[in-house]
């Protein structure tokens, strides 16, 4: 018998790795733990507000630098996917506490880099002002951009202008420090002392969050950010997309002035952006495929019953669940966009491997058994940068989503409100768009606003809906923010 993290492995008839449990249960287990997260007795704060990680044997925090800006930004990414998927609004308030605390402790006015969140913090304090390896009063501009996008998305979810204003404040400060960049200096430094502007480390390739932030703000009428978006994208296209110098994401890694490290976050998230914008990017297929294969070739582990696990980075060279799930989600999205069956198979096996990090108790270990990361859990790698990849995977491969419950798997617009009832799903989005759902019932009508959407036998470019009866997948293109799906049993 072979075990991973206490789970006996499951193989199919061709000895390919299967999951120990279904993807939907993995999501539920992880999120249930977050909703019941332990609280620190001395200050009354849940662990996710003051620690990056914790041990499971026994359950206790790890004294290791916290990562508030990136962690909370990933939490918003999780929220935007988990709430529509589940209909459970509990996580909205949890995420709000994260964003509020992060903004309360931003860099002070009068500093060289003012009004930005901190990327790292001393553990167990709930106070954010930097820590190793950044250093105190040092932040990472890429995490500020990621947080800025999170505030903007939270505005789209709640409609509360306060979060829109915060995102503009962060974006404006970033534009004031934007530089041209070259092969050794990115448009912002990776690490910078916020008091006097001293550069601590020059280079990061993790700039897709800034592209997304500027792009979204421009789309919402803040047109001054459009040129800044183009400047950052043009640098990505001129340098890392050609040189493959992908590094500068992880907050706790040692200083790397020689740019020797490589990580998988920035190339894969760049590939995700390219796939999502493929109508606007002529070479999208080659570009995204090259990035996915570069990660496999550079950071892929030895196949385990055909499943390819992914190492986090060169400077922390361990295979981990969240990064394997990220890789799997990009393989799945690429397969969905191109019909590439080999990528579909790659996605499924890597996702299956990543399920073995989750336990029945909701504890999601960062990696595999000893001697690697036995019994250590991270709020990013085990939860906020783990759960959303499974939901993305189910959207691209709907047959892997639960068949016994209704789920909205994907929306091109933020879902502000959703209700699941027997034979009826209703939701409201920030703007009209496209949604994918897997249902337990057969839809008979889809209403967009006050008007019915037309049924289409095959997907079309305009408003309407299609339903795959074999997979029970409903695809909607809506011309309204309000959508109501009504259905019946097979006999109804």
Enumerate the residues in segment 77-107 having an amide nitrogen under 17 Å from the point lying 7 Å beyond the Cα of residue 447 toward its Cβ. none
In nm, to one decimal, how far is the modelled label at residue 179 from the one at residue 18, with both set 7 Å along Cα→Cβ? 5.5
Alpha-carbon centroids, segment 374-447 and segment 115-136: separation in whole Å: 33
At a 10 angstrom cut-off on C-beta neighbours, averaged per residue, how do the peptides 29-40, 400-411 rank from highest to lowest? 400-411, 29-40
So how far, in whole Å, is the C-alpha centre of segment 70-86 from the one of segment 254-328? 21
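Rank by packing, highest mean first: peptides 130-143, 425-438, with packing defined as the count of other Cβ atoms within 10 Å averaged across residues. Numbers along the way, then the final one.
Details: 130-143: 23.1, 425-438: 19.7.
Packing order, densest peptide first, comes out as 130-143, 425-438.
Arrange 488, 377 by Cβ neighbour counts within 10 Å, fewest through most, would you? Don't jump to the answer; show the numbers that get you there.
Values: 488 12, 377 25.
Going from sparsest to densest Cβ surroundings: 488, 377.
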For segment 407-488, build the convex hull from the C-alpha positions and give me its volume per residue in Å³. 80
Given (1) 33, 27, 23; (2) 37, 25, 22; (3) 52, 26, 17 as candidate values of semi-axes √(5λ) of the Cα gyration tensor in Å, which corresponds to the one derived from the coordinates? (1)
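Suppose only helical runs count, i.e. DSSP H with n ≥ 4. What mean residue ellipticity at 222 nm does that imply for the chain under -39500 (n - 2.57) per run, divided by all residues and rounded to the nearest 500 deg cm²/dmol? Provide the component values of the computation, followed by the final result.
Values: 13 runs with 181 residues, N = 492.
Estimated from H runs of four or more residues: -12000 deg cm²/dmol.
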Over segment 315-440, what portion of Cα pair distances is larger than 19 Å, expressed as a whole percent? 56
Gain upon complete extension [residue 466, residue 285; 0.36 nm per residue less C-alpha separation]: 62.6 nm
May I ask you to compute the full-extension gain from residue 97 to residue 243, defined as 0.36 nm times their residue separation minus their alpha-carbon distance, rounded to one decimal in nm? 48.6 nm
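Values in this text are rule-based calculations from the coordinates and carry no lab data. Quick caveat, the model's predicted, so the values are computed rather than measured. A quick note on method: Cβ atoms are made from the backbone with ideal geometry, for glycine too, and the neighbour counts reach across all protein chains shown.
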